[in-house]
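Inspection log for the structure reproduced underneath, given as structure tokens.
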Amino acid sequence: MTEAITTHDHPPAGIMRWLTATNHKDLGILYMSFGGLMFFIGGAFIMAVRAELLLPGLQLLSPGMYNQLFTLHALIMVFGAIMPFATGLNNYLIPLMIGAPDMALPRVNNWGFWILPFAAVLLLIPFFLQFFGIGSGASAAGWVMHNTSLDLQSGIGMDFAIFTIHLLGLSSLTGAINVVVTVLNMRAPGMTLMKMPLFVWAWLITAFMLILVIPVFSAAATMLLTDRHFGTHFFDAANGGDPILLQHLIWFFGHPEVYIVLLPAWGLIPHILATFSRKPVYGYRAQVYALWAICFLSFLVWSHHMLTSGLPLAAEVYFMYATMAISIPTSVLVFCWLGAIWRGAMTFETPMLFALGFVAHFGMGALTGMILPDVAVNAQYHNSYVIVSHFHYTFFGGGIFGMMAALYYWLPKFTGRMFDEKLGRLHFWLTVIFFNMTFIPQWFAGLDGMPRHIADYALRFSAMNFISSLGAFLLGLSQLLLVYIVVKCVRNGPKATGQVWEGAQGLEFTLPSPPPYHTFETPPLVK
Amino acid sequence: MNETRCDNHYHVPLPSHYPVTINLGLFISLLGFALRINTIASGIVLMLAGIAMILYGTSGWIGKIICEDESGNYHPWEDRSFRIGMAYFILSELAFFGAFLLALMYVRVFALSELASMDAHFTLWPDFKGIWPSGGPKSQAFTPLGAWGLPAVNSILILASAISLIWARKGLLAANRGQMVAGLAIAIVLGVAFLFQQAMEYRHAAELGVTLASGIYGTNLYMLTGVHGVHMLAGIIMLAVLLLRAFHGHFNAENRVGLDMVTWYWNFAVVIPGLLVFIYFYWL
Amino acid sequence: MKLIDAAIHDESVIKKRSIRLFCCSRRDGAASFRETGPIRKQLPLWFGMVFLLFVSGLACAQSIWDFQEPVTPVARDSITASVDFMRIIMGIYAAVFAIFAYSIFKHRKSSGARPGAFTGPGTKWQWALAISPFLLLIYIDYIWMGIPAFHAIAQMEDTRTAAEMVVKVTASQWKWQYEYPEENIKFVSTIATTQDQIHNRAAKGEHYLQEVDNPLILPTNKKIRILLTSTDVIHSWWVPSFGVKRDAVPGYLREMWVNIEKPGIYRGQCAQLCGSGHAFMPIVVEAMAEPQFKEWLAQKKAQGAAAESAAGKAWSREELMAKGDEIYNRICIACHQAGGAGLPGAFPALAGSKIVNGPFLDKDGRLIKDGHLDRVMNGKAGTAMQAFKNTFSDVEIAAIVTYERNSFGNHMGDMVQPAQVKALR
Ligand code: HEA
Ligand code: HEA
Ligand code: CUA
Ligand SMILES: [Cu+2]
């Protein structure tokens, strides 16, 4: 038995260390590396899409292939890149931040991570099989599969996507339960709930949302599976079902899901802003309550994604007003970020730049979100590029910027080495410029009436798409710089101190960089 | 919150290969399943192989936890982790059931009435009344199932099983091992009886013409009871493990986290959903 | 949006606009630009400038905020709501982020700022400042924009009051069927752009992808109730100029209404991901004054009668083949591809297909289940192959079946007569 000779201080060597890992730092690194890898795969898929959209006419892809590509892009980015990366951060950081020896359920933790690579492979199998003439390719029905009958008539790819969803659901669920247990049970003495860092709070709330909505998504996928293969009739009007039922179930998951993606970023931004403003966190309580309020409201607004599906008048009005209410707790967060830098002594290292970039771009995404639920005009926005622009401002401008900020902020902590600050800033500026170049034109294409999900478009949309595609290519290329920066940092960056940043606060910065394999085996005392 | 700790050392388990094994098994079995339902019959082989791996992994993992438990690695601090974890897991199970129950509600309240009440001149389904129980405009005819036969008996069975589990736990707390074993055994018997009756109920339903072809009614019947049945089966297996452990003299009034967790699972993720299905599907 | 339209023909418009965009932001940023020292110190400033660039750039670009020209009351409501709301959020953005930019500029360590230690609003005055944005937000959401939105929705959803006419739209992959129930007229509308244009083998026309063979004809100044349904998957009927978009859900009816105020040709397209032909499902509506509309109705009815009699006559192989060729390249090609090659895995090839090269009628003249004619008339449930008897005339079905049996290397040599199809319906 390997276990006989393996002790706590000497993890098994080689691949077994990672396969059997129960150490939260090892798993954190695994999660984050996986997330990073998937970001590039998801990005590569969408590069093909943008190349097709560069000019009107079909140049590279068949329409069916186009649909597969953006479906895979979205699934991979959301479930493969952002969520695992954020989970990696929580794995690495939560025990350090609350002074715990590890996550509460280390083996469950391993279980949750090692589902992901299998799920990714399962998702991609049909995509590659089609090149050998087997099956009709991966799922091509959009990331939330909201068009039932289309799902029903899709080929083998849909079954693989359904099973992928089950696996991903299991992974998120185990991860979420682990977070809840860790936070509720593993805090060091004196670390009361209201003393926890905001990142931990945000993850606690995220986990809570995951536990409630992931099963609904799995249930919807299960219904789809039985409708496809076992003769049930959930979504078939002739037999008393309703295609709209699927949309209700899926958006009941889907709307909280967008906050699940963003909450971890909301939680870590105050850390970074406070550090580089050299000030304490501003409005701690207000932020905790705002996060809870957003969590609560997010369960009540799902139908704003289906306002054109012919809901009754009363439902339309309700979902409009309820959705608008989310702007109130969200603006609490925005003002707390403002309070965080106000009268600080700011410096602008790369993590700070990304944090400020997060605020700027998420602000645009959120404010554009504020106008979407207005039913009087949603008919014009819905399923147009306006929506695509909106959610990339939140997902990329919010989620990815947030994750980048976190990466730069804690990378020296993880690796014990500093990254190249100059290149980091360059990466930031390139990302900002090309990100906007990609997604601003999409807003205007949408206003002008360009629907999403189309492989080819009318000539009136050419100018905007051309700019957007160029922006996307350059955005993609500038992300390669990130790889270089990380590799360079890990290989031969200068040594980092434990404190890393001058103004950094929090338990994790009381440890050396990188922290030893086991930390806080006896809990620290928090005043 | 932290005063329950008996010492300052949390048990951090050593590396383990069971989780990865289970995942590989999951992957292989789902791959096989996907192939199987897409006319590649040999997928079944993969599926079985995968399931075998999952069984191996889970039993190994659980066995290991039991070993660790019995060799005194777990203290109230670790126990609390398990309990909180189980509580939130049950919450997610309830959300899972909730989705199916809400689907039923949606159909009963919204879908059927909308199908029946389209504009009279343009209706797509003339002559459709849309009154539950109904299988939708095009479904085969069937006779709806009554609530006061087998379903009611079944509900009583699972209620009784819940009570007997609580009684078993009382026995443990009072250091009455006989009562604990008896309670567990009774709960298992009741559970098995439930499943058996459910099978009879399916046969009865088929005689009344309630199949999947009877539209949304049959769909809901088989899905709700099916999902419930799977959880029931899992619960029975857990209870069986408990019973075995009880025979081996495991558990005592302080060290009973396994028993508590399974009791919760049984009462909240099996019994309550079962009763809800009875109330909302059969009765109302 | 005329600007964009023009831009396609005249690239200089785009250039001019982007120059304008630049000028604005220069002017705002330039003054403070000079005050700062070495490059590194300018970074925060650059940051502020990017904000200004967004805001002022968008403000300059006001002319492209609009939707396509609104021609119904609903569309005018929606454009007002959109423009108002966009102004509001841009105002908020400018205000909030001006404060951010100010702070970023003022509270730099390099300019000697001392960090404060406050963690929340302290004085009454600060509390008031902290609360006021929420009041403002509530006012915006529920009063300023909320109340007009409520009225607009009520109007939008009131499809029945004073409706003077009904049109029923049935969507299927990837075409629209339009029906005037009161007039007993029904026809199918599919994309008219050729495959050659799509695959860049021919020059693209002005209305590339937004042109159809049979546009929907509607009268102006009449409240028209539009019913929607679908035969397969969910589609969505969207004409930006009308301000309406509504899903067509299989098995259910959805409704909306339009009252077109201006004659003209309006273009839109399907707005719900509905499979591989989703991008090729345009909608064209031709609105004309009542008298012309009446004329068109009469003409269409005469055509219907002619088609009716055409089904009775015996057609020659050549006539059927020519018609079949036209239909194939308009409709079937979307799935079964040029030359009947199909798409492996998704759509079967018709060239050499067992079904196409098999019998289709049994000896009693009944349809053979899963025979060629049956497949085309009744489709196959659960797949993209739909029942064409609902949308095709007898002649069309006869033509397409005859065509397929004698093309792509299939040499069955037989044919189907429209009269046969009629009898089999
Ligand atoms: C992380 C992701 C994320 C986030 C955070 C949001 C945030 C919001 N979104 Fe978005 N949304 C998506 C991701 C996200 N969205 C995605 C992926 C889709 C498309 C899915 C698909 O169809 O594929 C979508 C689609 C979508 C729709 C459906 C559109 C349609 O298809 O018709 C709607 C409609 O209401 C909507 C609304 C909102 C609202 C109201 C918010 C709110 O949370 C925003 C609240 C914030 C604010 C309002 C601004 C904050 C305040 C200030 C900056 C200060 C204010 C100051 C003063 C007033 C002084 N979103
Ligand atoms: C976290 C979520 C996330 C992220 C980060 C992104 C990132 C990007 N997205 Fe994504 N997107 C979604 C989530 C996300 N998207 C979702 C949910 C949908 C909806 C799908 C649906 O409707 O079902 C969608 C849909 C979507 C569409 C609409 C497709 C359609 O409706 O037809 C487009 C179109 O432009 C698009 C573009 C982009 C681009 C250019 C990026 C870029 O930011 C990506 C940048 C990153 C890289 C490029 C990777 C790094 C570089 C390399 C791999 C090196 C190679 C580089 C080159 C060859 C240049 N996305
Ligand atoms: Cu029909 Cu998209
Ligand atoms: Cu939403």
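In the range A:368-410, burial by the other protein chains removes 20 Å² or more of accessible area from A:370, A:371, A:374, A:375, A:376, A:377, A:379, A:380, A:381, A:382, A:383, compared with the chain on its own (1.4 Å probe, ligands and nucleic acids ignored). Would you mind classifying the range C:318-383 by shape? Square roots of the alpha carbon gyration tensor eigenvalues, ordered a ≥ b ≥ c; an a/c under 1.5 is rounded, otherwise it is prolate if a/b is larger than b/c and oblate if not. Taking the square roots of the gyration eigenvalues as a ≥ b ≥ c, the range C:318-383 is oblate. Measuring heavy-atom accessible area with a 1.4 angstrom probe and counting protein chains only, the residues of the range A:447-485 that give up at least 30 Å² relative to the chain alone are A:447, A:448, A:449, A:451, A:453, A:454, A:456, A:458, A:459, A:460, A:463, A:464. Of the residues A:18, C:176, C:296, ranked by 1.4 Å probe accessible area with the largest first, the sequence reads A:18, C:296, C:176. Under a model in which nothing but the beta-carbon of Lys, Arg (+1) and Asp, Glu (-1) is charged, the protein assembly as shown shows a dipole of about 2720 debye around its Cα centre. Estimated at the nearest 10 Å², the accessible area of residue B:166 is 80 Å² with a 1.4 Å probe. Between the alpha-carbon centres of the range A:413-435 and the range A:180-245 there is a gap of 34 Å. Among rounded, prolate and oblate, which fits the range B:15-73 when a ≥ b ≥ c are the square roots of the eigenvalues of its C-alpha gyration tensor, a/c under 1.5 means rounded, and a/b larger than b/c means prolate? Cα axes put the range B:15-73 in the prolate bin.
Tally Lys/Arg at +1 and Asp/Glu at -1 over every other residue whose Cβ is under 13 Å from the Cβ of residue A:482; what's the total?
Numbers: positive: A:425, A:488; negative: A:420.
The answer is +1.
Tell me the chymotrypsin sites (Phe, Trp or Tyr not before Pro) within the range B:125-169 that lie in a loop according to DSSP and have at most 16 other beta-carbon atoms within 10 Å. Walk me through the intermediate numbers first.
Working: sites: B:128, B:142, B:148, B:167; in loops: B:128, B:142, B:148.
Hits after loop and neighbour filter: B:148.
Heavy-atom accessible area buried between chains C and A is around 9000 Å² (1.4 Å probe, both sides summed). Shown here for the range C:327-425: chymotrypsin sites (Phe, Trp or Tyr not before Pro) in loop regions (DSSP other than H, G, I, E, B) with at most 16 other Cβ atoms within 10 Å, of which there are none.
The charge dipole of the range B:76-283, taken about its Cα centre with unit charges on the Cβ atoms of Lys, Arg (+1), Asp and Glu (-1) only, comes to about 480 debye.
Oblate is the label for the protein assembly as shown. Its Cα gyration tensor axes, ordered a ≥ b ≥ c, give a/c of at least 1.5 and b/c at or above a/b. Please report how far the C-alpha centroid of the range C:300-344 lies from that of the range B:182-227, rounded to the nearest whole angstrom. So the separation of the two Cα centres works out to 53 Å. For the range C:162-217, trypsin sites (Lys or Arg not before Pro) are listed when DSSP marks them as loop and at most 12 other Cβ atoms sit within 10 Å of their Cβ; the list is C:201. A cut-off under 9 angstrom between Cβ atoms defines the neighbours of residue A:449, and their net charge, with Lys, Arg +1 and Asp, Glu -1, is +1. Annotation: amide H of residue A:498 within the under-5 Å range of A:513, sequence separation 5 or more or interchain, hydrogens built in the peptide plane.
When all protein chains stay in place and ligands, DNA and RNA are ignored, the 1.4 Å accessible-area order of C:164, C:211, B:254, largest first, is B:254, C:164, C:211. Protein heavy-atom accessible surface, 1.4 Å probe, per residue over the protein assembly as shown: 37 Å².
What's the total accessible area buried between chains B and A, using a 1.4 Å probe, rounded to the nearest 100 Å²? All intermediate terms of the calculation are to be shown ahead of the outcome.
Working: alone 15830 and 21070 Å², together 30950 Å².
Chains B and A together bury roughly 5900 Å² of accessible area.
Residues whose amide H falls under 5 Å from that of residue C:244, counting only those 5 or more places apart or on a different chain, are C:239, with hydrogens built in the peptide plane.
In the protein assembly as shown, what % of DSSP beta bridges are antiparallel (nearest 5)? Within the protein assembly as shown, antiparallel bridges account for around 70 percent of the total. For the set B:222, A:31, A:318, solvent exposure ranked by accessible area (probe 1.4 Å, protein chains only) runs largest to smallest as A:318, B:222, A:31. Relative to the longest principal axis of the Cα atoms of chain A, the long axis of helix A:106-129 makes an angle of roughly 30 degrees.
Can you tell which of A:377, A:428, A:390 lies farthest toward the positive end of the dipole of the range A:339-433, using +1 and -1 charges on the Cβ of basic and acidic side chains (Lys, Arg; Asp, Glu)? The one lying farthest along the dipole's positive direction is A:428. The heavy atoms of residue C:317 offer some 80 square angstrom of accessible surface to a 1.4 angstrom probe.
Note on the protein assembly as shown: dipole from Cβ charges, positive end direction compared against C:122, A:64, B:10; the farthest Cα belongs to C:122.
Computing the accessible area with a 1.4 Å probe over protein heavy atoms, can you report the carbon and sulfur percentage for the protein assembly as shown? Walk me through the numbers before you get to the answer.
Details: 30460 of 45240 Å².
After summing per-atom areas, the C and S share lands at 67 percent.
The residue among B:33, A:158, A:194 whose Cα reaches farthest toward the positive pole of the charge dipole of the protein assembly as shown, with charges on the beta-carbon of Lys, Arg, Asp and Glu, is A:194. The spacing between the range A:307-347 and the range A:452-521, judged by their C-alpha centroids, is 27 Å.
The values are calculated or read from the model by the stated rules, or taken from the named source; none is laboratory data. Quantities reported herein were computed from a predicted structural model and do not represent experimental measurements. Positions of Cβ are generated from backbone atoms using ideal geometry, with glycine treated the same way; all protein chains shown enter the neighbour counts. Areas reflect the complete protein model, heavy atoms only, side chains present, ligands, DNA and RNA absent. Shrake-Rupley method; radii C 1.70, N 1.55, O 1.52, S 1.80 Å.
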